[in-house]
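The values are calculated or read from the model by the stated rules, or taken from the named source; none is laboratory data. Computed from a predicted model, the values in this text were never measured in an experiment. Every residue, glycine among them, receives a Cβ derived from its backbone with ideal geometry; neighbour counts consider all protein chains shown. Calculation scope for accessible area: heavy atoms of the full protein, side chains included, ligands and nucleic acids excluded. Shrake-Rupley method; radii C 1.70, N 1.55, O 1.52, S 1.80 Å.
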Amino acid sequence: MDVIPQVGPDLPDDARALLDAVVAISSDLDLHSVLDRIVVSACRMTGARYGALGVLDSSGGLSDFVTSGFTDEQHVAIGELPRGKGILGLLIEEPRPLRLRNLQAHPSSYGFPPGHPPMATFLGVPVRIRGTVFGNLYLTEKADRSTFTEQDEQLVDALARAAGFVIDNARSFARSERRRQWLEASAAIVESLQPPTPLDVALGRIALGALQVSGALTVAVVQRRADGYAVAASAGSETCSPGLPLEMLEPHLRRSEAHADVVVVPHEDLGSYVLVPLLTHLVDRGVLLVELAVGRDTFAAYEAELLASFADQASLAVDRAQAVSDREELMLVTDRDRIARDLHDVVIQRLFATGLHLQRARRTAASDDIESRLDDAIADLDMTIRDIRSTIFDLELSRHASLRAELRGVVKEYVPVLGFTPLVRTSGPVDTAVPRATGAQMLAVLREALSNLARHAEADAAMVEVEASGSEVTLRVTDNGLGIPAERRESGLRNVRRRAGELGGSVRFHAEEPHGTRLEWTVPLTTVGGHPFP
């Protein structure tokens, strides 16, 4: 049997160190961990005491600075990380390997801040990804106090080339992971915005979903109002949301809306803002405003496309929810119209024909008892026809605010207090002939009457009637309670009389047989100005 030779032990020490370093930096897919492993491996391979990898940003400065060999106390003493000045800046401007015996003696030396450990020997090598400089690897203070050799430079340069591929792989993985997170967030938004979902709730969920994935300080949905832009929904830091500089961002918000494009607004002191339009068609459009912390420019450059895709999916979800809601409303309105037509064209006509037959039968009645019963049946049919016509009015006006609907709404409010549901009847042009001011006063009188009924009458049934004629409108509230007490407080009734007097009307109270009370509140329609209700 052939034996495969082990080549590892025969490798030179430098080659073995380089191979170990490449294996070490290739064993992780997290970008920050990869950068940290590169610095640590370079220090071990060359015997450097301190190492760092500076990541370049779009402006040519340093967006990240990963170090090795520094203690926590030294980091605190140094303070802010370097920004790419001095020798570091020289390597940025001229990206090629640089070895120095004493970096402080170099003309480009910028000096060290207070608390910085002393450094003399220096080796710097650029790290490239597909021909583009990603950052620079810096090594100082070789362990034996000797200078970095040409062999050190070649090893570190080879490590930097391998590191470029590893970093590119880690970045691709990071982007794939971020894309997965944004896709999951988009799917979650689509799933959560199932109709019926109120618009304010939908916008709040969009802001929260974007915040959770982006890691921003604040995410807000901004919409244009008559007096400028306003926050319609927000999520994130409570201290940042009220302080969003909408006036400063207004030109950028308008540009984002007009061009339907992502706009990045950098701000040195406040971080940066990413503006993404919400391209809705069935609701008012808005802009997704993402507030990023200082130093998060990389987000604005890379994730803006993912954020825009999320905003597009959210816009489609909002439009879908609104479309389903509109469709359901249309179906309801159509069904109401059909019911109203059927009631008017079929039911009322049949009841009216039945009433005519009963009237003819009454003329030939053989006894007074039969005649009386026929009169009662005809009266009941007339009342039924009026109730059906009132229902038809309610169906036809249900899409708009109406006095009939307001009356029924007030009665519904008092059902829990009363313990029963009063019957509501309306007749005449209540919604078209009663002015707004008169309708408002009538609703207040109805509330007073129902309140008194609940507190004092001890009734178990009541009826509310509103009748509008050409000259006046009357509100009647009838109950089967204890009746009008001999001694009663006039505070509530005084308000009822005052409201009638202000409109030129009157109030009357009647005792019902065998017990109960009927309130009649009547005001003229010809002497009161205003528009029909509402």
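Below are the figures for this structure:
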quantity	calculated
Per residue accessible area in Å² of segment 146-231, where ligands, DNA and RNA are left out and the probe is 1.4 Å	49
Formal net charge of residues neighbouring ALA230 (Cβ-Cβ distance under 12 Å; K, R +1; D, E -1)	-2
Total formal charge among the other residues, if their Cβ is under 15 angstrom from that of SER146, Lys/Arg +1 and Asp/Glu -1	0
Label-point separation, ASP380 to LEU482 (7 Å along Cα→Cβ), nm	3.4
For HIS259, solvent-accessible area (1.4 Å; no DNA, RNA or ligand), Å²	130
Rounded to the nearest 10 Å², the accessible area of TYR414 at probe 1.4 Å	40
Protein-only accessible surface order, largest first, of PHE509, PHE122 at 1.4 Å	PHE509, PHE122
Area accessible to solvent at MET45, 1.4 Å probe radius, in Å²	30
Heavy-atom SASA rank of ILE92, ILE129 (probe 1.4 Å, accessible area, largest first)	ILE92, ILE129
Sequence-distant residues sharing a close amide H with GLY428 (under 5 Å, placed H)	ALA468
More than 15 angstrom apart: percent of Cα pairs within segment 126-229	76
Extended-chain gain in nm, criterion 0.36 nm per residue less alpha-carbon gap, ASP335 and THR421	28.4 nm
Accessible area in the full protein assembly, largest first, 1.4 Å probe, for GLU153, GLU291	GLU153, GLU291
Interchain or long-range residues, amide H under 5 Å from ILE129's placed H	PHE134
Net +/- balance of residues flanking ARG508 in space, Cβ distance below 9 Å, scoring K and R +1, D and E -1	0
